[in-house]
Amino acid sequence: MKIVDLTVRQFNYKSQMVRDSEGHAHPGPEHDATGSLLTVHTDEGAEGYCFGAGGHDVIQHVVRPALVGEDPFYRELLWQRLRERQRLHLGTLSDRLVGTVDMALWDLAGRVHNQPVYKLLGAFRDKVPAYASTMCGDDLPNGLDTPEAYAEFALACKRRGYPAFKLHTWQPPIAGAPSAKRDVAACRAVREAVGEDMVLMLDPFHYYSREEALYLGKELEKLNYYWMEEPMDEHSISSYVWLTEQLALSMVGPETAEGKMYTRAEWIVRGASDISRGGVGDVGGITPLMKTAHLCESHGVRMEVHGGGAGNLHVLCAMGFPGEYYERGLLHPFVDYERPEPWLNACVDPMDDQGYVHVSQLPGLGWDINWEYIEGNAKG
Ligand code: LLH
Ligand code: MG
């Protein structure tokens, strides 16, 4: 089998999500938005898909020439080739985009072999406990605008069945942010509301000073929190070594730091966190995320997967040194997360009443694609 083409289909949809000036998502007025679907085409008619390719030009001019004519099952070769091409195309060929291509190749393999991807990876389980992961704090009345609002939302998530809850607190440009004291007030309100039997985590402003991060960590220890992520710039590994050494609280990272599994390796040998982290979008797909999982396993360091979606869920179901939780979200009191995106017939991460997310048994990555919607709303 040979790859004969890569195409990106763009389609219109109505979004109720807006991004603030720093890029954080919040609920907002309905507006027109564009979705995209990458397709890998083969000479035998088999296809692989992945949503979110965006960058049409770089797919055509950099990725397509690297892949056309090749065997689509040579995922390692193709991923290494794209990784090398990133050196001179880093501005456009991001890890996120390489990850999208890698996932389309895994999806194709699953469809051709009639197996869900987690079984091709070497399955370990078919369900994973989830944590409710909130959007960042806002100033929307009855949204996530006060410590009490977080507390109420955490209670709603507990009633829904989530065993764990992670706050993303306030970040600029929200007025008053950042404030480590206000973050602690929200964490305290949540602990008091849900009691001791819910696992809690914090993911605050990402550019606190060492002292502010230490203050936060010490307060979270008093509140019996499980972990904290990314309270400081992740490029300063020494700051994370300094912080991790002083806290009993588990530090989780790196999350957004570039450098794929290489960066995770450096953090592990330096002792910069207790639990490593990465998602398909951070490290460049399923192929490198499995390498990262094996790297962590070899060092006896756990890895928590960053972000939701089909790729991350299939990896979580194939990790033999398991990531503990699936990150479900981002959630908000105004958002109905249980309703599938209009281009899908079903959610990729359905959660039962006990808080387990079940991986799809469909071949490939398991998207139940609403082709009628995508064709009916084709852009241009
Ligand atoms: O800053 C944000 O908008 C969130 O923190 C986001 O990056 C989220 O994906 C995250 O950090 N999850 O753990
Ligand atoms: Mg995070």
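Criterion first (touching a residue at least 12 places away in the same chain (Cβ under 8 Å), of a type in the set (Asp, Glu) and over 28 Å from Glu211 (Cβ atoms)) does Asp139 satisfy it?
no
Can you give me the number of residues within region 46-61 that are over 13 Å from Asp5 (Cβ atoms) and at pLDDT 95 or above?
The total comes to 3.
Looking at region 162-169, is at least one residue of a type in the set (S, T, N, Q) and within 16 Å of ligand 2 (Cβ to nearest atom)?
The answer is yes; a qualifying residue exists.
Return the pair list, or none, for Cβ contacts closer than 8 Å from residues in region 154-178 that are at positive phi to residues that are assigned to a helix (DSSP H, G or I), at least 6 apart or on different chains.
Every condition considered, the pairs that remain are Gly176/Arg182.
Out of curiosity, is Tyr118 touching a residue at least 12 places away in the same chain (Cβ under 8 Å) and hydroxyl-bearing (Ser, Thr, Tyr)?
Taking the combined requirement at face value, the residue satisfies it.
How about region 121-142: which of its residues are among the hydrophobic types (A, V, I, L, M, F, W, C) and within 16 Å of ligand 1 (Cβ to nearest atom)?
Passing the criteria: Val128, Ala130, Ala132, Met135, Cys136, Leu140.
Look through region 194-211, keep the residues that are farther than 17 Å from Ser250 by Cβ and crowded, with 18+ Cβ neighbours inside 10 Å, and return whichever of them is nearest to the chain's Cα centre (by Cα).
In this case the residue turns out to be Phe205.
So, Asp145, is that one over 23 Å from the mean Cα position of the chain (by Cα), more than 16 Å from ligand 1 (Cβ to nearest atom) and closer than 25 Å to Ser21 by Cα or not?
Considered against the rule, which asks whether it is over 23 Å from the mean Cα position of the chain (by Cα), more than 16 Å from ligand 1 (Cβ to nearest atom) and closer than 25 Å to Ser21 by Cα, Asp145 comes out as yes.
Collect the residues in region 59-81 that are within 18 Å of Gly48 (Cβ to Cβ) and in contact with a Leu (Cβ under 7 Å, 6 or more places away or on another chain), keeping them in residue-number order.
Ile59, Val63, Arg64, Ala66, Leu67, Glu70, Pro72, Arg75, Leu78
Cβ contacts < 8 Å: first residue farther than 16 Å from Gly99 by Cα, restricted to region 243-263; second residue basic (Lys, Arg) and within 15 Å of ligand 2 (Cβ to nearest atom), any location; separation 6+ or different chain. Result?
Val252/Arg277; Gly253/Arg277; Pro254/Arg264; Pro254/Arg277
Against the conditions (1) more than 30 Å from Ala177 (Cα to Cα); (2) more than 16 Å from ligand 1 (Cβ to nearest atom), where does Gly52 fall short? Just the number, please.
Just one mismatch for Gly52, condition (2).
With Leu67, Leu38, Leu77, Leu6 as the choices, which residue is under 25 Å from Pro363 (Cβ atoms) and under 21 Å from the mean Cα position of the chain (by Cα)?
Leu38
Among the candidates Ser21, Ser36, single out the residue that is within 16 Å of ligand 1 (Cβ to nearest atom), of a type in the set (Ser, Thr, Tyr) and not assigned by TED's automatic domain parsing to the domain that holds Met135.
Of the residues listed, the single one that is within 16 Å of ligand 1 (Cβ to nearest atom), of a type in the set (Ser, Thr, Tyr) and not assigned by TED's automatic domain parsing to the domain that holds Met135 is Ser21.
Which one of the conditions (1) within 16 Å of ligand 1 (Cβ to nearest atom); (2) over 16 Å from Pro288 (Cβ atoms); (3) surrounded by 15 or more Cβ atoms within 10 Å (Cβ to Cβ) does Ala66 fail to meet, given that it meets all the rest?
(1)
State whether the residues of region 98-120 include one that is within 23 Å of Leu249 (Cα to Cα) and not in a helix (DSSP H, G or I).
There is no residue in region 98-120 that is within 23 Å of Leu249 (Cα to Cα) and not in a helix (DSSP H, G or I).
When region 359-380 is examined, which residues are found to be within 23 Å of Gly161 (Cβ to Cβ) and surrounded by fewer than 16 Cβ atoms within 10 Å (Cβ to Cβ)?
Within region 359-380, Gln361, Asp368 qualify.
Assess whether Val305 counts as being touching a Ser or Thr at 6+ places or on another chain (Cβ under 9 Å) and closer than 25 Å to Gln86 by Cβ.
no
Condition check ((1) within 16 Å of ligand 1 (Cβ to nearest atom); (2) surrounded by fewer than 21 Cβ atoms within 10 Å (Cβ to Cβ); (3) at pLDDT 95 or above; (4) hydrophobic (A, V, I, L, M, F, W, C)) across all residues:
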{"residue": "Arg81", "(1), (2), (3), (4)": "no, yes, yes, no"}
{"residue": "Arg96", "(1), (2), (3), (4)": "yes, yes, yes, no"}
{"residue": "Lys119", "(1), (2), (3), (4)": "no, yes, yes, no"}
{"residue": "Lys158", "(1), (2), (3), (4)": "no, yes, yes, no"}
{"residue": "Ala164", "(1), (2), (3), (4)": "yes, no, yes, yes"}
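The values are calculated or read from the model by the stated rules, or taken from the named source; none is laboratory data. Here the structure is a predicted model, which is why all the values come from computation and not from measurement. Methodologically, a virtual Cβ is constructed for each residue, glycine included, from the backbone with ideal geometry; neighbour enumeration extends over all protein chains shown.
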